[in-house]
1. Projecting each Cα onto the charge dipole of segment 36-116 (Lys/Arg +1, Asp/Glu -1 at the beta carbon, about the Cα centre), which of Asn114, Leu40, Ile58 comes out farthest on the positive side?
2. Let me make sure I get this right: for segment 179-311, a, b and c are the square roots of the gyration tensor eigenvalues over alpha carbons, sorted descending. Under 1.5 in a/c it's rounded, otherwise prolate if a/b > b/c, else oblate. Which is it?
3. Would you work out which of Leu136, Val338, Val201 lies farthest towards the positive end of the dipole of the chain? Charges go on Cβ: Lys and Arg +1, Asp and Glu -1.
4. Based solely on its DSSP helices, what 222 nm [θ] is calculated for the chain when runs of n ≥ 4 H residues each add -39,500 (n - 2.57) and the sum is averaged over all residues, nearest 500 deg cm²/dmol?
5. May I ask which residue of Val395, Ser125, Ala363 lies farthest towards the positive end of the charge dipole of segment 120-396, with charges of +1 (Lys, Arg) and -1 (Asp, Glu) on Cβ and the Cα centre as origin?
6. Between segment 1-45 and segment 309-380, what is the C-alpha centre distance in whole Å?
7. How much net charge surrounds Ile78 when only other residues with a Cβ under 10 Å from its Cβ are counted (Lys, Arg +1; Asp, Glu -1)?
8. Under a cut-off of 26 Å between alpha-carbon atoms, report the lysines in cross-link reach of Lys46, not counting same-chain residues fewer than 8 places apart.
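The numbers here are math on the coordinates, done by the rules we state, and not lab data. All figures in this text were calculated on a predicted structure; none of them were measured in a lab. Here the Cβ is made from the backbone with ideal geometry for all residues, glycine too, and neighbour counts use every protein chain on show.
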Amino acid sequence: MKIIKIKNFDEAAAIFKKIGVDPYGIDAMSPKTININILLENQPCKTANIIKQEMLSIGGDAAVARGSVSCSLPASDILIIGTLKQISALTTKIEKQPFGLKFIARDILEILKNVAQNEYILKTSRREIYLGKKTLIMGILNVTPDSFFDGGLFYSHQKAIEHGLRMADEGADIIDIGGESTRPGSRSVSASVELKRILPVIDGLMKKTNIPISIDTKKAQIAKMAVKAGAEIINDISALSSDKDMAKVVRETRAAVILMHMRGKPRNMQKGNLAYDNLMGEIADYLKKSVEKALKAGVKKDSIVIDPGIGFGKNPEDNYKIIKNLSELKILGIPVMVGTSRKSFIGKVTRDEPRDRMEGTAATVAAAIMNGCNIVRVHDVEAMKKVAAVTDAIVRA
């Protein structure tokens with residue numbers, strides 16, 4: 001006797017085939033093996049009651065507030081509990097009912113589709129990048145004097161180019177070039193300074209490697225010039241909110257874009273009250289709105305990556321919670337990048353300085369991949385490439 005943990009249809013089908021189940025039975029039973037919980041917040045009691053009764057009628061359930069049955073409360077959160085098949089059946093039952101239930105059915109179907117998606121094609125201005133078959137490694141190349149770990153190490157153009165080529169040799173899938181530090185407490189530099197730092201490095205790398213180059217900037221002018229020089233991904237920590245022209249630049253250059261969650265700005269993001277009422281919910285809502293802003297501006301969905309912003313306006317405990325609950329971002333149907341490399345929340349646990357946080361970084365990289373990350377942004381490409389390869393093998397075992 002044993003307990004079987006099934007994560008997706010492929011695993012369910014493999015077990016059924018081993019048992020000898022009829023192909024029709026495999027198709028019919030696979031959705032019954034996947035359980036999912038969906039939380040609807042602040043819904044009218046009449047909506048809560050309908051969903052509760054419909055879920056009970058198909059063998060599932062829905063948790064609602066005690067006073068919702070008598071409507072003694074104006075609203076209730078609803079936790080829908082059931083198998084994938086039951087929740088799919090729920091959408092059929094409510095899609096033609098009143099009280100806005102058809103919109104709830106539509107949104108639930110979108111969530112189910114997104115959660116089931118494990119592979120993506122990221123389209124840049126130069127190529128298609130496949131995500132999902134393996135975790136991609138983004139190597140960090142800071143051409144700055146003051147970044148928290150490697151500030152000044154690669155400040156000269158020649159050293160930066162040499163380091164970029166070294167990361168490519170070590171197996172980096174993408175190189176992310178930044179000309180402005182975004183460490184806590186840092187201040188912005190002028191566009192002219194940023195351009196002088198990054199353009200010669202992009203040019204030097206473009207002459208010697210075909211690896212995709214990402215530009216880490218929140219300025220539209222920098223992004224436009226960087227893509228013209230050869231970059232094909234724009235990594236915007238402000239998620240299009242810092243520069244009103246950034247969305248237009250992304251659309252016109254056809255670059256891929258990474259949208260990150262951040263509360264505040266680098267100079268003040270770690271000051272004041274860092275508490276969240278609903279950590280993952282607030283991050284997901286922010287990123288959803290950022291994605292919608294990009295789409296409205298004409299950016300294609302298959303050119304977007306999201307990043308929960310580890311260390312950007314969060315306390316150490318929240319950073320760990322984000323990694324643990326990363327899979328919740330799958331509801332957006334967008335590939336996820338995570339950057340934990342050598343950050344201070346690791347040092348809070350290990351008591352190490354940035355130079356000694358490689359092992360802690362490895363643990364966060366492995367955990368992020370286990371929870372659905374598609375790209376990891378790291379300083380130590382060679383070591384993290386091995387960590388990612390082993391973790392990928394575990395995930396796909």
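1. Ile58
2. Note, shape of segment 179-311 comes out oblate.
3. Sorting the options by dipole projection puts first Val201.
4. Helix contribution divided over all residues of the chain: -13000 deg cm²/dmol.
5. Ser125
6. 29
7. Net charge in that neighbourhood comes out at -1.
8. Filter leaves Lys85, Lys93, Lys96, Lys102.
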